[in-house]
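Heads up, the thing below is written out as structure tokens.
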Amino acid sequence: MSLPGFPQAAPIEGLAGGVLIGIAAAVMLLGAGRIVGVSGIVGRAFRINASDLPMPSAWLFLAGMPAGAAAIYWIKGGLEAEFASIPMMIAAGLLVGLGARMGSGCTSGHGVCGVSRLSQRSIVATATFIAAGIATVAVLGMIA
Amino acid sequence: MIARQVLPAVSGVLFGAGLALGGMTNPARIRGFLDVFGQWDPTLAFVMGGALAVMAIAWRFVPRMASPLFETKFSLPDRTDLTPQLVGGAALFGTGWGLAGLCPGPGVAIFIIAPVEALVFTASLLAGMALHRAIARTRTEEPVHARQ
């Protein structure tokens, strides 16, 4: 199904994917009493940031993610993916890593877990990174 | 307790599946969402909406629970202060997010379906995190020097 006026949008799959992400976060919240913040879990797995999350939990979560994505890839018989250039991805990775630690979270920790908790820090962080992302894409569009 | 290992694995699988199903493993979709002045792709808003709806319900159970189901206590962030680091960090994060259309979740989730891109992005991500740790260390050392 497509959205009138937005032929490239996938609203039903988006909503279904979002519900799965919400269930994933709810499993950790109600089961383990923790926020799912992927940047924090990655940092923990590589001992970059201090956290009391057990090391096996961090690695099991990180191993599960590509398995889940691969399962959808296999069920759907492929997934579209259009990546930026390698130098662009390196610059982006550095900014995302630095910014996530400096701002105490990323799209999952602030965007999903914090906003749904109505945390003012997360709402401010999410509004800020969306605005910065919009500005970046707009500038890229002008110079490209 | 087996649940301690099963929970994060199950959560990771569901999280990765959700990202892939919602199209979030495709950087073009992320950039399309941020391209509000061009050909806007609202799919990410539906992903966010679905995730927020489920989590808004989940949060309502937390105050009624003495402890999580498989742990002895909740370990939740409790900061409420708005700081320049929060806003500045989020601004840097958003800039990188817009440049490549990737954030940490999708960067990890694509490790099987696009291993080269996953490796390049997550290695850079770790370098950025290590850079922050190095900066934070020198900044916390400054007051110590000043007192000497």
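The lone criterion from (1) within 7 Å of another protein chain (Cβ to nearest Cβ); (2) buried (at least 24 other Cβ atoms within 10 Å of the Cβ); (3) part of a helix (DSSP H, G or I) left unmet by residue B:56 is number (2). Looking across A:115, A:124, A:139, A:42, one residue alone is more than 7 Å from chain B (Cβ to nearest Cβ), in a helix (DSSP H, G or I) and free of Cβ contacts under 8 Å to residues at least 40 places away in the same chain. It is A:139.
Quick check: anything in the range B:106-124 out of contact with any helix residue (DSSP H, G or I) (no Cβ under 8 Å at 6 or more places or on another chain) and of a type in the set (S, T, N, Q)?
No, because not a single residue in the range B:106-124 is out of contact with any helix residue (DSSP H, G or I) (no Cβ under 8 Å at 6 or more places or on another chain) and of a type in the set (S, T, N, Q).
The number of residues in the range A:1-39 that are in contact (Cβ under 8 Å) with a residue 40 or more places away in the chain and on the phi > 0 side of the Ramachandran plot comes to 0. Among the residues making up the range A:99-120, those that are surrounded by fewer than 23 Cβ atoms within 10 Å (Cβ to Cβ) and either in contact with a helix residue (DSSP H, G or I) (Cβ under 6 Å, 6 or more places away or on another chain) or under 22 Å from residue B:19 (Cα atoms) (or both) are A:115, A:117.
Scanning the range B:101-118 for any residue that is closer than 13 Å to residue A:132 by Cα, in contact (Cβ under 8 Å) with a residue 60 or more places away in the chain and surrounded by 24 or more Cβ atoms within 10 Å (Cβ to Cβ) turns up at least one such residue.
Taken over the range A:11-39, the criterion of being more than 7 Å from chain B (Cβ to nearest Cβ) and part of a helix (DSSP H, G or I) is satisfied by A:12 alone.
Determine whether residue A:51 is more than 7 Å from chain B (Cβ to nearest Cβ), among the hydroxyl-bearing types (Ser, Thr, Tyr), without any contact (Cβ under 8 Å) to a residue 40 or more places away in the chain and closer than 24 Å to residue B:8 by Cβ.
Yes: the conditions hold for residue A:51.
Taking the criterion of being of a type outside the set (Gly, Ala, Ser), within 7 Å of chain B (Cβ to nearest Cβ), within 24 Å of residue B:134 (Cα to Cα) and out of contact with any Cys (no Cβ under 9 Å at 6 or more places or on another chain), the residues of the range A:55-106 that qualify are A:88, A:89, A:90, A:94, A:95, A:98, A:101, A:102. Hey, does the range B:14-34 have a residue that's in contact with a helix residue (DSSP H, G or I) (Cβ under 9 Å, 6 or more places away or on another chain), under 27 Å from residue B:69 (Cβ atoms), within 7 Å of chain A (Cβ to nearest Cβ) and not in a helix (DSSP H, G or I)? Yes.
Do we find that residue A:90 is closer than 16 Å to residue B:80 by Cα and either in a helix (DSSP H, G or I) or hydrophobic (A, V, I, L, M, F, W, C) (or both) in this structure? So residue A:90 does not fit the description; no. Residue-level check: of (1) closer than 27 Å to residue A:13 by Cα; (2) within 19 Å of the chain's Cα centre (by Cα), residue B:76 misses just (1). Condition test on residue B:57, is it farther than 13 Å from residue A:95 by Cβ and in contact (Cβ under 8 Å) with a residue 12 or more places away in the chain? No; evaluated as a whole, the condition is false for this residue. Looking only at the range B:73-91, decide whether some residue is at the interface with another protein chain (Cβ under 7 Å from one of its Cβ atoms), charged (D, E, K, R) and buried (at least 16 other Cβ atoms within 10 Å of the Cβ). No, that holds for no residue. Taking the criterion of being under 26 Å from residue A:70 (Cβ atoms), among the small types (Gly, Ala, Ser) and in contact (Cβ under 8 Å) with a residue 24 or more places away in the chain, would at least one residue in the range B:5-18 satisfy it? Among the residues of the range B:5-18, at least one is under 26 Å from residue A:70 (Cβ atoms), among the small types (Gly, Ala, Ser) and in contact (Cβ under 8 Å) with a residue 24 or more places away in the chain, which makes the answer yes. Could you tell me whether any residue of the range B:117-130 is part of a loop (DSSP other than H, G, I, E, B), at the interface with another protein chain (Cβ under 7 Å from one of its Cβ atoms) and over 14 Å from residue A:83 (Cβ atoms)? No - not one qualifying residue is present in the range B:117-130.
Laboratory data are not the source of any read-out in this text; all were calculated from the coordinates shown. Computed from a predicted model, the values in this text were never measured in an experiment. We place every Cβ from the backbone using ideal geometry, glycine too, and count neighbours over all the protein chains shown.
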